[in-house]
Each structure stands twice: as C-alpha cells, then as structure tokens.
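Before any comments, here is the structure.
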Amino acid sequence: MERREGRLRLVVKVGTSTLTHETGRLDLRSMERLARTLSDLEGMGHEVVLVSSGAIGIGTAKLGLKERPSQLRMKQAAAAVGQCMMMHLYDKMFGEYNRVVAQILLTGEDVEAPVRAAHLHNTFESLLELGVIPVVNENDSVSSAEIETGKCKVLGDNDTLSAMVARLCGADLLVLLSDIDGLYDADPRTHPDARLIHHVEEVTPALRAMAGGAGSWRGTGGMATKLNAAELALEAGIDMVITNGSRPEELYRIVEGEEVGTRFHCGARS
C-alpha cells in the first residue's frame, strides 16, 4: 500500500528510564501519554512502530526483587515476566483509543538472515497496512544479545534494534525517546553550561568523543549506542531524532519537521 504525501512511517523507541520511575516500578502516566500520542499520530494517517525497552526492569519490580538481577538466567526470567506485563498494559492503553497492537520479539538471527529479514519486512508491511501498531522488543528470554551487550554483532541494545527495525520497515523517520533532551557538547548532568546540538549531518569521531557511557541504572543504553543507531539510520537514508521521552507530545512537532531535540539528517537540509 502506497503512503500518501505528508504521511510518515515512524519508528519510535522508548527507553526504560521513560517507562519507569526511579523505584523501578512502571510510570503509568508516561505510558498512557505515549499511547495517546502514538494513537493520535496513527489517526492522522502516519504509520507507527513502537520499539519498547523495559522488560527486565518491569519484571524485576513485578517479581519483588530488590535490584536488577546479575545472573543471565535470572535476567531472562525477569524479561519474560516483564514482557508479559508490558504488553498487557500496552494492549489496554492503546485499546482505550481504539487501536490494535501486535507484539514482535526479535533475536539477532532474525534481522541478520536474509530470508528471516524478508519475512519480517512482510509482517511489518501487513500489520501497518491493517492499521496495527507493532510493539517490538528483543527476545531476551532466548537471546542474550541485549542483556550481555556485544555478544551479537547485529543487535546488543534497543537503540541499535530500533535502527534495524526502521531499516526493515523502510521507515521515513526514527525517534529515540531518551532521558535527556538530545545530544550535547558535554554531559549536561555534570556540565551545566553544556549546549544542545540541534542538527547533525554525520557521525564523526569528534561527535563520538562527546558521547558518554551507560545511562541510568534502569537501562543499558547511553549516548554512544544512540550514535550507533544514528549511523545505521543515516546509512539507510532515514532521519533520526533524539529527544526527551518525558514530553511525548513533542512527537507532533517532530513529524512536522520542527526543531526538537537533536536531528540527524540523512541528506542536505534546505
């Protein structure tokens, strides 16, 4: 099905720090605002794919564990519990706005093998044609790629996963909802005078030098993984935006091309 002019195929990745409180428990208000915004964007004619982190963190809280497990097998168990709860809530919240969601769990082999990747592409195409909002996560219960970052050459974090999904879908735009406003020239948590970089044309070594380590204790990603995602997106001809997940309503401005967060441009700007 051809997309109408002015309508985007949009992949939105939301991080664990956006979906949960500092306690590790689910931030229901944040999830509801995200579901409402994405439902409205779909109603406007855009095609929406959601890549959602949070399964391990949600499972950790659901199981009553005092801290995130350190053993791989316990992380995978927490992910299995958390994924179930997360999809239940997404189904309920999107359902309030008469939207249908679908769950897609991926491993590295799924996106690496050409035949599997082709089937995935067809699945996304069919779901989007039907007006369904796919909710994607790495299949942590059987794959250690995200949990033990670096074990798989394709995936390893949900920032990278979202870029791979955007490429599989033939997306027009990838948006990473983070716990900061975008890419700064220094870490804003330790440098109050850090300046937000609004536009990036290329991921350079100098740009990577500004990227720090992992983010909050609730997630696994940091700015470095977001730059990896940006590089993958730009190579596929897809613009990418990093912005603050605490303001999901800014997605309206982003799809209109307004200056929000940091936008990585795959082509020359007019």
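Values in this text are rule-based calculations from the coordinates and carry no lab data. Worth saying up front: this structure is predicted, and the values here are computed from it rather than measured. All Cβ positions, glycine included, derive from the backbone under ideal geometry; neighbour counts span all protein chains shown.
Mean sequence separation of contacting Cα pairs (under 8 Å, at least six apart), scaled by the length of region 9-264, corresponds to a relative contact order of 22 percent. Amide H contacts for THR107 (H built 1.01 Å from N in the peptide plane; partners 5 or more residues away or on another chain; cut-off under 5 Å): ASN139. Tell me which GluC sites (Glu not before Pro) from region 1-87 have a DSSP coil assignment and no more than 13 other beta carbons within 10 Å of their own. Of the GluC sites (Glu not before Pro), the ones in loops of region 1-87 whose Cβ has at most 13 other Cβ atoms within 10 Å are GLU2, GLU5, GLU22, GLU67.
Ordering of 77-85, 202-210, 125-133 by packing is 77-85, 125-133, 202-210, highest average first (other Cβ atoms within 10 Å, averaged per residue).
Among ILE238, ILE104, ILE56, sorting on how many other beta-carbon atoms sit within 10 Å of each Cβ, with the fewest leading, yields ILE104, ILE238, ILE56.
Proximity of backbone amide H atoms, modeled 1.01 Å from N, is registered between GLU47 and LEU8, ARG9, LEU10 at under 5 Å, excluding neighbours fewer than 5 places apart on the same chain. Helix content alone sets the calculated 222 nm mean residue ellipticity of the chain: runs of n ≥ 4 DSSP H residues at -39500 (n - 2.57) each, divided across all residues, give -12000 deg cm²/dmol.
Sorted fewest first by neighbouring Cβ atoms within 10 angstrom, ILE197, ILE242 come out as ILE197, ILE242. Note on region 242-262 and region 20-84: Cα centroid distance 21 Å, given to the nearest whole angstrom.
Ordering VAL132, MET74, THR16 by Cα displacement along the dipole of the chain toward the positive end leaves MET74 in first place; charges were set at the Cβ atoms of Lys, Arg (+1) and Asp, Glu (-1).
Between LEU72 and LYS92, full extension at 0.36 nm per residue minus the direct alpha carbon distance yields a gain of 4.2 nm. With neighbours defined as other Cβ atoms within 10 Å of a residue's Cβ, the residues SER30, SER246 order from fewest to most as SER246, SER30. Taking every full run of DSSP H in the chain, the ones that stretch at least 15 Å from end to end by Cα along their long axis and average 0.0 or higher on the Kyte-Doolittle scale are 72-95, 158-169, 223-235.
Label-to-label distance for CYS84 and GLU109 is 2.4 nm, based on points extended 7 Å past Cα in the beta-carbon direction.
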